[in-house]
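Please read the structure below before turning to the comments.
The values are calculated or read from the model by the stated rules, or taken from the named source; none is laboratory data. Just so it is clear, the structure is predicted and the values come from calculations on it, not from any experiment. Here the Cβ positions follow ideal geometry from the backbone for every residue, glycine too, while neighbour counts run over all protein chains shown.
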Amino acid sequence: MTSWAVVGATSFVTPLILALIARDLVLGFFLKRGMHVFLSHTTCPGCKYQLIGQTVDEAGGLRCPECGRPTTLTELGLDGPDDLLPEAPTDSVG
Ligand SMILES: [Zn+2]
């Protein structure tokens, strides 16, 4: 014997769950795409080594620690040194 309350709840919950799964798939796609674009701008043009966390000089230049190739933030298509994320602190706090 089927209760109409169960049928009603199922007909409401199933599309909701499918919609939430679809939303998560779309958000995951755009998150992956955004991370890929960001990481492609933070690699050395010469050897593709990740330059995240490298020290940037006042002129916006930096040197790849892997191959030694000099590059600039402008060449990488970045707006400023913060786009390479700040270096990890060397001094302990406290
Ligand atoms: Zn390099």
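When you check Gly60 against the structure, is it more than 16 Å from the ligand (Cβ to nearest atom) and touching a Ser or Thr at 6+ places or on another chain (Cβ under 9 Å), yes or no? Even if it seems obvious, please write down each step before you answer.
Values: more than 16 Å from the ligand (Cβ to nearest atom): yes; touching a Ser or Thr at 6+ places or on another chain (Cβ under 9 Å): yes.
Taking the combined requirement at face value, the residue satisfies it.
Just to be sure, is Leu27 modelled with pLDDT of 90 or more and of a type outside the set (S, T, N, Q)? So Leu27 fits the description; yes. Among the residues of the range 33-62, the ones that are within 22 Å of Thr90 (Cβ to Cβ) and in a strand (DSSP E or B) come to 3 in all.
Go over the candidates Val56, Val37, Val6, Val13 one by one and state the one that is hydrophobic (A, V, I, L, M, F, W, C) and exposed (fewer than 10 other Cβ atoms within 10 Å of the Cβ). On inspection, the qualifying residue turns out to be Val6.
Rundown of residues vs (1) in contact with a helix residue (DSSP H, G or I) (Cβ under 8 Å, 6 or more places away or on another chain); (2) over 24 Å from Leu78 (Cα atoms); (3) in contact (Cβ under 8 Å) with a residue 12 or more places away in the chain, yes/no style:
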{"residue": "Ser11", "(1), (2), (3)": "no, yes, no"}
{"residue": "Leu25", "(1), (2), (3)": "no, yes, no"}
{"residue": "Phe38", "(1), (2), (3)": "no, no, no"}
{"residue": "Cys44", "(1), (2), (3)": "no, no, yes"}
{"residue": "Ile52", "(1), (2), (3)": "yes, no, yes"}
